[in-house]
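Reviewing the structure listed below.
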Amino acid sequence: MIAVIDYGAGNLGSVFKALKYIGADVQVTDSLDVVADADALVLPGVGAFTHCMNGLQHVGLAESTKDFIRSGRPFLGICVGLQMLFDESEEMGRSPGLGVLPGRVKRFEFERTTDEAEQTSGDARLKVPHIGWNELRFREDAALFKGLDQGDRVYFVHSYYPEPDDRSIVTSVTDYGGTICSSVEKENVHATQFHPEKSGNVGLAILRNFTALAT
């Protein structure tokens, strides 16, 4: 069974429906016991980093999430669920994360208005948040991307992006005003800055690859 953590924030409905669609045994839960017994764990996230961290702590699942990761079972973080794995985020000053992965989460430092976009060339500052479809350039050995093609497009909604201290854990990058980390993998930990549950057939393939790790 794949447990999807319900902590009052996150794209729970879409994640649940996408996993059900590919035939996964999935349960949305805020129960410590269910999380502890799961074969795989998904930590979704939408919204502000600090709000998500507070919600995870409020339901008592921050330490349980780290315990699950230490158990070696497959783990998937999505969007802010990826960001919370790191030491800290720049959002609202310095906001501490779970500290599973060394590094920090940084804000895009550019922005342009609709009028500027219409009046200036393509090298103008880009809009924050980064919303929409964008390409992946990924490591061929990355477990989540088995069977995908370089340049496949996935869906993003974010104003912050991860900057890992250890670049060897980066499994894909995406260009948005520069090259940013769009996914990571370290042992049993897999996480995406983009939303596979909103990424059509490519996203479903990524979720199937994750589900296969739990069987």
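The values are calculated or read from the model by the stated rules, or taken from the named source; none is laboratory data. Quick caveat, the model's predicted, so the values are computed rather than measured. As a convention, Cβ positions derive from the backbone with ideal geometry for all residues, glycine included, and neighbour counts pool all protein chains shown.
Here are some notes:
Condition check ((1) surrounded by fewer than 22 Cβ atoms within 10 Å (Cβ to Cβ); (2) farther than 16 Å from Asn188 by Cα; (3) in contact with a Ser or Thr (Cβ under 8 Å, 6 or more places away or on another chain)) across all residues:
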position: Gly8; (1), (2), (3): yes, yes, no
position: Lys20; (1), (2), (3): yes, yes, no
position: Ser31; (1), (2), (3): yes, yes, no
position: Val42; (1), (2), (3): no, no, no
position: Gln57; (1), (2), (3): yes, yes, no
position: Arg70; (1), (2), (3): yes, no, no
position: Gly81; (1), (2), (3): no, no, no
position: Glu90; (1), (2), (3): yes, yes, no
position: Arg94; (1), (2), (3): yes, yes, no
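- Looking only at residues in segment 162-213 that are of a type in the set (Phe, Trp, Tyr) and over 12 Å from the mean Cα position of the chain (by Cα), the one that is surrounded by the fewest Cβ atoms within 10 Å (Cβ to Cβ) is Tyr176.
- Cys52 vs. criteria on the phi > 0 side of the Ramachandran plot and surrounded by 17 or more Cβ atoms within 10 Å (Cβ to Cβ): no
- Qualifying residue in segment 148-155 (condition: surrounded by 21 or more Cβ atoms within 10 Å (Cβ to Cβ), among the aromatic types (Phe, Trp, Tyr) and touching a helix residue (DSSP H, G or I) at 6+ places or on another chain (Cβ under 9 Å)): no
- Unique match (being closer than 19 Å to Val42 by Cα, touching a helix residue (DSSP H, G or I) at 6+ places or on another chain (Cβ under 7 Å), at pLDDT 95 or above and assigned to a strand (DSSP E or B)) among Glu197, Glu185: Glu185
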